[in-house]
1. Tell me, yes or no, whether segment 81-97 has at least one residue that is under 14 Å from the mean Cα position of the chain (by Cα), open to solvent by 30 Å² or more (accessible area, probe 1.4 Å) and farther than 22 Å from Ser114 by Cα.
2. So Trp105 passes all but one of these: (1) in a loop (DSSP other than H, G, I, E, B); (2) open to solvent by 60 Å² or more (accessible area, probe 1.4 Å); (3) farther than 12 Å from Tyr37 by Cβ. Which condition number does it fail?
3. So for segment 47-56 (the condition being in contact (Cβ under 8 Å) with a residue 40 or more places away in the chain, open to solvent by 60 Å² or more (accessible area, probe 1.4 Å) and out of contact with any Asp or Glu (no Cβ under 8 Å at 6 or more places or on another chain)), does at least one residue qualify?
4. Pairs under 9 Å by beta carbon, first residue on the phi > 0 side of the Ramachandran plot in segment 73-86, partner outside any strand (DSSP E or B) and crowded, with 19+ Cβ neighbours inside 10 Å, six or more apart or different chains?
5. Considering segment 31-45 alone, what residues qualify as being touching a Lys or Arg at 6+ places or on another chain (Cβ under 8 Å), in a strand (DSSP E or B) and surrounded by 19 or more Cβ atoms within 10 Å (Cβ to Cβ)?
6. Considering only segment 61-80, state which residues are aromatic (Phe, Trp, Tyr), open to solvent by less than 70 Å² (accessible area, probe 1.4 Å) and farther than 18 Å from Lys43 by Cβ.
7. List, please: which pairs have Cβ atoms under 7 Å, are six or more places apart or on different chains, and start with a residue in segment 93-111 that is closer than 14 Å to Ala49 by Cβ and end with one that is at pLDDT below 95?
8. If Ile28 satisfies all but one of (1) surrounded by 16 or more Cβ atoms within 10 Å (Cβ to Cβ); (2) at pLDDT 95 or above; (3) not hydroxyl-bearing (Ser, Thr, Tyr), what's the number of the condition it fails?
Amino acid sequence: QVQLVESGGGLVQPGGSLRLSCAASGSISSINAMGWYRQAPGKQRELVATIVRGGSTNYADSVKGRFTISRYNAKNTVYLQMNSLKPEDTAVYFCNTVPVGLISWGQGTQVTVSS
């Protein structure tokens, strides 16, 4: 069973940047689509960015133009570069397949945007 470990979160001021990493314990090269999800307090988990094997990406409107997802299959890692962060980006961020169901959720990484 592949396990996912997210890292790179932290406290950042509005307008700042963070780079999240998601390391898989096994190969993700055969998985077509990987994504980053987030869950804010009291809200449902939402998909914010998707990348497919060919490299095409898709973003939620709320992060489009600010977030960039990438994947490095040789290192079984998925990244999320987050720029121009806003307080409403505060959430626990998770990576997983798109759609979910192939791999269990990891613990996520907390991102807090606050002055």
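The values are calculated or read from the model by the stated rules, or taken from the named source; none is laboratory data. Everything numeric here is computed off the predicted structure, so don't read it as measured data. When we count neighbours, we look across all protein chains shown, and the Cβ atoms used for this are built from the backbone with ideal geometry, even at glycine. Note: areas computed on protein heavy atoms with side chains; ligands, DNA, RNA excluded. Shrake-Rupley method; radii C 1.70, N 1.55, O 1.52, S 1.80 Å.
1. Taking every residue of segment 81-97 in turn, none turns out to be under 14 Å from the mean Cα position of the chain (by Cα), open to solvent by 30 Å² or more (accessible area, probe 1.4 Å) and farther than 22 Å from Ser114 by Cα.
2. (3)
3. The answer is yes; a qualifying residue exists.
4. Qualifying pairs under 9 Å: Asn76/Ile28.
5. Met34, Tyr37, Arg38
6. Tyr79
7. Asn96/Ile103; Thr97/Ile31; Thr97/Ile103
8. (2)
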